[in-house]
Amino acid sequence: MKKQILTILILLFLSVKAIACSCDTPKPVLEFYSSKYVFKGVITKKTFSKDSATYTIKFKVLESYKNGNIPKEISFTSYYQKKGSWDSCYREAYLNQEWLVFVKEKGGKLYFSQICTNSRLLNNKGIDANMQKLLNNANNFKLQDYIYNDYDDERTEFNYPKPITNLDSIFKTGKIKDYEKTYMVLALYIDEKGKLISSFSGLDMHYSEPYFVYHPVFKLLKKIDVRSKRPLNDFEIEAMDLYSKVDWEIKRHKDTKIPVKYIRYVRAEFDKETKKWKHDI
């Protein structure tokens, strides 16, 4: 019995560590856009620091995918996990491995991550066809040509806009009625200046996705076409009207500061007991 309990505790510990290491990988084209270099390379040298706290690998660049000059060799220093220690997030690179590398620059230093990134070990597998097609076209990518959604794989490259209008003051003006429906999720389509273009029921947005236009290679939204098969009720009409009075922060790319159009999901509720409108922001 004790052994069973110990086994369960170990499994729980491992699962917690795995969850702690989980993260969202950005869309490849967005990481390509934010990277200083993107290349295929082979590790030709690996050295350890005197205290074995870090190791440095040197890549020989075999093929460069991002426009611009790139060194023939690039080195990176990473944390080294010594024997006896354990970290579920730890990944180690080894001599003679072939990698696809997305290189970022921060504080004048180059780095790449082996987790939560599109950098990947290739070995004998090579680059898969979809990634290769993206790499071949990514230099033509224009950030402002797309509508960015509220998904984690797109959110990582942008700020998360907040309302600049006082929502409490807006929602105090909501009409008091005996609404049959009292809760909804809304999808707000907001332009590059933080102004609302249009709003939709979250359900209508969801069911209309088959009609949306996505870039076939970059997998980013180019055009939305929301089709509702039902009339809006009084509650939905009023909720949309309240959010139509709200201005938002501009959504910008973190590095270039270029503004973009985006979808923001919000909620509205009417409390029948207090006769008050509520929002979730």
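The values are calculated or read from the model by the stated rules, or taken from the named source; none is laboratory data. What you see is a predicted model, and the numbers here were worked out from it, not measured in a lab. Glycine gets a Cβ as well: all are built from the backbone with ideal geometry, and neighbour counts include every protein chain shown. The area values use the complete protein model at the heavy-atom level, side chains included, leaving out ligands, DNA and RNA. Shrake-Rupley method; radii C 1.70, N 1.55, O 1.52, S 1.80 Å.
Tabulated data
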{"read-out": "Complete set of residues in the range 155-177 that are part of a helix (DSSP H, G or I) and out of contact with any helix residue (DSSP H, G or I) (no Cβ under 7 Å at 6 or more places or on another chain)", "value": "ARG155, LEU167, ASP168, SER169"}
{"read-out": "Counted residues, the range 232-281 - those being more than 30 Å from LYS142 (Cα to Cα), among the acidic types (Asp, Glu) and open to solvent by 20 Å² or more (accessible area, probe 1.4 Å)", "value": "6"}
{"read-out": "The range 58-78, residues that are part of a loop (DSSP other than H, G, I, E, B), surrounded by 12 or more Cβ atoms within 10 Å (Cβ to Cβ) and more than 25 Å from the chain's Cα centre (by Cα)", "value": "ILE70, PRO71"}
{"read-out": "Residue within the range 206-220 that is surrounded by 16 or more Cβ atoms within 10 Å (Cβ to Cβ) and assigned to a strand (DSSP E or B) present", "value": "no"}
{"read-out": "Residue list for the range 191-205, filter: without any contact (Cβ under 8 Å) to a residue 60 or more places away in the chain, open to solvent by less than 50 Å² (accessible area, probe 1.4 Å) and on the phi < 0 side of the Ramachandran plot", "value": "LEU196, SER198, SER199, PHE200, SER201, ASP204, MET205"}
{"read-out": "LYS172 being open to solvent by 30 Å² or more (accessible area, probe 1.4 Å) and without any contact (Cβ under 8 Å) to a residue 40 or more places away in the chain", "value": "no"}
{"read-out": "Single condition LYS83 does not satisfy, out of (1) modelled with pLDDT under 95; (2) under 21 Å from the mean Cα position of the chain (by Cα); (3) basic (Lys, Arg)", "value": "(2)"}
{"read-out": "Hits in the range 143-154 (condition: more than 14 Å from the chain's Cα centre (by Cα) and either farther than 11 Å from LEU220 by Cα or outside any loop (DSSP other than H, G, I, E, B) (or both))", "value": "LEU143, GLN144, ASP145"}
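Table: residues versus (1) under 22 Å from PHE158 (Cβ atoms); (2) open to solvent by less than 40 Å² (accessible area, probe 1.4 Å).
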{"residue": "VAL103", "(1), (2)": "yes, yes"}
{"residue": "GLY107", "(1), (2)": "yes, no"}
{"residue": "THR117", "(1), (2)": "yes, yes"}
{"residue": "LEU121", "(1), (2)": "no, no"}
{"residue": "GLY126", "(1), (2)": "no, yes"}
{"residue": "MET131", "(1), (2)": "no, yes"}
{"residue": "ASN137", "(1), (2)": "yes, no"}
{"residue": "GLN144", "(1), (2)": "yes, no"}
